[in-house]
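Report on the following structure.
The values are calculated or read from the model by the stated rules, or taken from the named source; none is laboratory data. Model, not experiment: these values are computed from the prediction. Here the Cβ positions follow ideal geometry from the backbone for every residue, glycine too, while neighbour counts run over all protein chains shown. Surface areas here come from the heavy atoms of the whole protein model, side chains and all, with no ligands, DNA or RNA. Shrake-Rupley method; radii C 1.70, N 1.55, O 1.52, S 1.80 Å.
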2 protein chains.
Amino acid sequence: MSQPNGNSRKTSSTLRQIADEAGVSISAVSKVLNGRGKSVRVSPSTAQHIRDVAIKLNYVPNVLAQSLRMSRTKTVGLVFENFGSISDGPEYYVHLLDGVASELFKRHYRLMILPEIDRQHPLASVGDGRMDGVIWCKMPPERATIDRLRSSPIPFVALHAPPPEAPTDTVFISCDNAGGARLAVDHLVGLGHRRMLFVLERHEETTPDAQARLGGFLEACTSHGIDVQDEDVVTWSREADEFAHWHRKRGDQTAIFAWNERIASSILRRAAEAKVSVPNDLSVVGFDSTPYCELTSPRLTAVRQPIRLMAGQAAHTLLDLIEGRPPSQYDQVFACTLDVRDSTGRPRGGRPSPQS
Amino acid sequence: MSQPNGNSRKTSSTLRQIADEAGVSISAVSKVLNGRGKSVRVSPSTAQHIRDVAIKLNYVPNVLAQSLRMSRTKTVGLVFENFGSISDGPEYYVHLLDGVASELFKRHYRLMILPEIDRQHPLASVGDGRMDGVIWCKMPPERATIDRLRSSPIPFVALHAPPPEAPTDTVFISCDNAGGARLAVDHLVGLGHRRMLFVLERHEETTPDAQARLGGFLEACTSHGIDVQDEDVVTWSREADEFAHWHRKRGDQTAIFAWNERIASSILRRAAEAKVSVPNDLSVVGFDSTPYCELTSPRLTAVRQPIRLMAGQAAHTLLDLIEGRPPSQYDQVFACTLDVRDSTGRPRGGRPSPQS
DNA sequence: GTGAAAGCGCTAACAC
DNA sequence: GTGTTAGCGCTTTCAC
């Protein structure tokens, strides 16, 4: 019987076939082949016989049936709305993926990628029995949706900052966004900058992480006695198309702090187009220091969050939850550091501040 | 009853619960809620009643049970051994992922990532009932393994060049590696280069794609009357640690053709370290033109393969196979083009060849 | 129109 | 030690 692609596909054999062939009961076969320790009371000889037959018949356990029966799938879902266009986004996501995957694989779980979720019925996509738990890269921030999620049959963790009204008994893994922003501002102020532009990204400006970075920026400025004006905080497109216009009528800002690496690199590109020399005429700092930042020109000074570690920790905590171990902590925050590269320097005519 | 993470988890309801609550049979509920057209002969009023109850009880079908029953999972597996360290590899893989994912999601299939496969028992990882089909990013090249795979209960496609002894009734999606290599050589020769180094990557040097690129390189050289010496083909580490040594005692090669973008960029870096000016002292061409090549310095001239398209086509063909439509073609080859950037130029003292 | 019943492939409690 | 049995949640044929 020829199959569509010309292969003769054998549907792999079942416990029943092996039992018949070996002349024993199905349960004997089950015990020998997939048995969990204790209940495996089968004589060595029959056991061997069963194993032989299983090999002969090319037996592969049907994981679907096992999962249904045991209500455990050894599979974790990753809700990752950017999938399908990861290459367009910040490199950050690739590291996130790596971090989640390597922890999962180490523990012999599989990874299932979930495309966009129906926000009205998040459970429909998540509670269908196929996964033991879920990691959210960008959880819907509305409290109502989160609450609906909390009555889900499976545990989940969010791999981002908690939104303002987040429940306290839900796991959030994030970096110290505010602290990271402070690092950047301190660095710039240390170089002598007294007025900076904070750039958010359209469609991302309300995410908890973006807001927390903005919060840190404002706070740090205040603590340096810098008065932030309304026009010092803007929301631009990912390509930073607004740069030229901003540059033409900019006030006395001498530095830009961009909420992520991707938009920061766009700004670098736009600056070059506008013949603005970085860091001589303008300093630029990004958030998310990745190998990518080594390749921009000039190399991008950026705040580093330990994303691979965080992603691994998210997976780790989720597996704990799945396996019945309560998390040591619900709100897990990782410290940031600053990678100073070549895109920041003293402002023209500025002088380093005393505390630098 | 408090759960590990403090949530009260409702295990979502089943057909049976809805049937009980609604006072109808399980099969009636099944027909109304998940029924496929024809067999849904239920009075409008009971149907509505059932739907109401289902909503009230927050019903979500158990896909595991459905899949087991129908032996269809609407899930495709991607065997991607690099997962967990994608960020270390060529950007190529990210585009591949995007291409596969977007096609799959468009057709409402899900993506399951499979980490390393047991080469002795490939079926164990692949034939366990969880997937309807599999895409291989790097299929084991041994004929024996492939043959074992061909008796798998589910169809598969390979997203790379066929190995020398590949069966002709298995789908391979690849780019015209030899043609791409020829493009690179033609370009270099056109600029005046008469002797080039071909760089393979350790652990990857025997893959069908690498071998095909090498083949194209040799062939193109021959067709230009260039005599390739043994020492003109080398295998280096991904970081191109061997560069300095090679440079010290190199013959009269004036250009390097690297088998992928990643190692090409390492070569660029090593050249800079060794104070070798690219393209003045040395021209460099890579394979896999991605946005990454825009960021190297100098920007990397590279052969472009339409990887996103190829990945989409792989997914597409696999879904055809799954849904019973035979593929129009087993060996699908996509043409390459050359993106000339700044890492190639005339050799010192060389002059463009007449055919350029 | 409706429901009883069989069974997808597997596990585990229980009886022998 | 070994086999029987009762499901996991679902679909579907077939009587009524």
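Could you calculate the FRET efficiency of residue B:229 with residue B:323 from 1/(1 + (r/R0)^6), where r is the beta carbon distance between them and R0 is 60 Å, rounded to 0.05?
That gives a FRET efficiency of 0.70.
For the rotation taking chain B to chain A, which residue of B has the Cβ nearest the axis, and how many Å away is it?
Result for the B and A rotation: B:295, 2.
Net charge near residue A:227: determine it from the other residues with C-beta under 15 Å of the C-beta of residue A:227, scoring Lys and Arg +1 and Asp and Glu -1. Write out the running numbers ahead of the final one.
Values: positive: A:194, A:195; negative: A:219, A:230, A:231, A:232, A:252.
Net local charge, residue A:227 excluded: -3.
Hey, can you list the residues from the range B:281-305 whose accessible area shrinks by 50 Å² or more with all protein chains present, relative to the chain by itself (probe 1.4 Å, no ligands or nucleic acids)?
B:295
Can you grab the distance from the C-alpha centre of the range A:115-186 to the C-alpha centre of the range B:259-301, Å, no decimals?
Comparing the Cα centres of the range A:115-186 and the range B:259-301, I get a distance of 41 Å.
What does the buried accessible surface come to for B and A, summed over both chains, with the probe at 1.4 Å? Round to 100 Å².
Rounded to the nearest hundred, the buried surface is 5400 Å².
Name the residues of the range A:128-153 whose accessible area, probed at 1.4 Å, falls by at least 40 Å² once all protein chains are in place instead of their chain on its own?
Those residues are A:128, A:130, A:150, A:151, A:153.
Using a Förster distance of 56 Å, how high is the FRET efficiency between residue A:48 and residue A:120, based on the Cβ-Cβ distance and rounded to 0.05?
About 0.50, to the nearest 0.05.
How much accessible surface area, in Å² rounded to 10, belongs to the heavy atoms of residue A:72 with a 1.4 Å probe?
It works out to around 90 Å².
Looking at chain A only, what percent of DSSP beta bridges run antiparallel? Nearest 5 please. Provide the component values of the computation, followed by the final result.
Numbers: 3 of 35 bridges.
So the antiparallel bridges in chain A amount to around 10 percent.
With θ set to phi - 60° and the Karplus curve 6.51 cos²θ - 1.76 cosθ + 1.60, what are the ³J(HN,Hα) couplings of the range A:68-85 in order, to the nearest whole Hz, using x for Gly and Pro?
Karplus values, whole Hz, x for Gly and Pro: 4, 5, 8, 6, 9, 10, 6, 9, 10, x, 10, 8, 9, 5, 6, 4, x, 8.
Per DSSP H run of n ≥ 4, the term is -39500 (n - 2.57); total these for chain B, divide by its residue number, and report the mean residue ellipticity at 222 nm rounded to 500 deg cm²/dmol. Walk me through the intermediate numbers first.
Values: 12 runs with 132 residues, N = 356.
One gets -11000 deg cm²/dmol as the mean residue ellipticity at 222 nm.
Report the Cα centroid-to-centroid distance between the range A:197-246 and the range B:57-90 in angstrom, as an integer.
Taking the Cα centre of each part, the range A:197-246 and the range B:57-90 sit 39 Å apart.
Using only C-alpha atoms and all pairs of different ones, pull out the Kirkwood radius for the protein assembly as shown in Å with one decimal.
About 28.6 Å for the protein assembly as shown.
If you take every residue apart from residue A:53 with its C-beta less than 10 Å away from the C-beta of residue A:53, what net charge results, scoring Lys and Arg +1 and Asp and Glu -1?
-1
Longer than 26 Å from Cα to Cα, which of A:138/B:74; B:56/B:106; A:74/B:56; B:138/B:275 are they? Say none if no pair is.
From A:138/B:74; B:56/B:106; A:74/B:56; B:138/B:275, over 26 Å: B:56/B:106; A:74/B:56; B:138/B:275.
Roughly how many Å² is the accessible area per residue of the protein assembly as shown, as a whole number, for a 1.4 Å probe? If you can, show how the numbers build up before the last one.
On the way: 30770 Å² over 712 residues.
Accessible area per residue, the protein assembly as shown: 43 Å².
Using a Förster radius of 35 Å, what is the FRET efficiency between residue A:237 and residue B:81 based on their Cβ-Cβ separation? Nearest 0.05, please.
The pair residue A:237/residue B:81 has a calculated efficiency of 0.45.
Place the label 7 angstrom along Cα→C-beta at residue A:168 and in each other copy, then list the distances from the first to the rest in nm, shortest first.
7.2
Which percent of the accessible heavy-atom area of chain B goes to carbon and sulfur, probe 1.4 angstrom?
It is 51 percent, rounded to a whole number.
Helix A:307-322: angle to the longest alpha-carbon principal axis of chain A, degrees 0 to 90, nearest 10?
Rounded to the nearest ten degrees, it is 40.
Indicate, rounded to the nearest 5 percent, the antiparallel portion of the DSSP beta bridges found entirely in the protein assembly as shown.
If we restrict to bridges inside the protein assembly as shown, about 10 percent are antiparallel.
What full-extension length gain, to one decimal in nm, is calculated for residue A:280 and residue A:145 as 0.36 nm per residue of separation minus the Cα-Cα distance?
Length gained, residue A:280 through residue A:145: 43.9 nm.
Averaged across orientations, what area in nm² does the convex hull of the alpha carbons in chain B project?
Dividing the Cα hull surface by four gives the mean projection, 24.2 nm².
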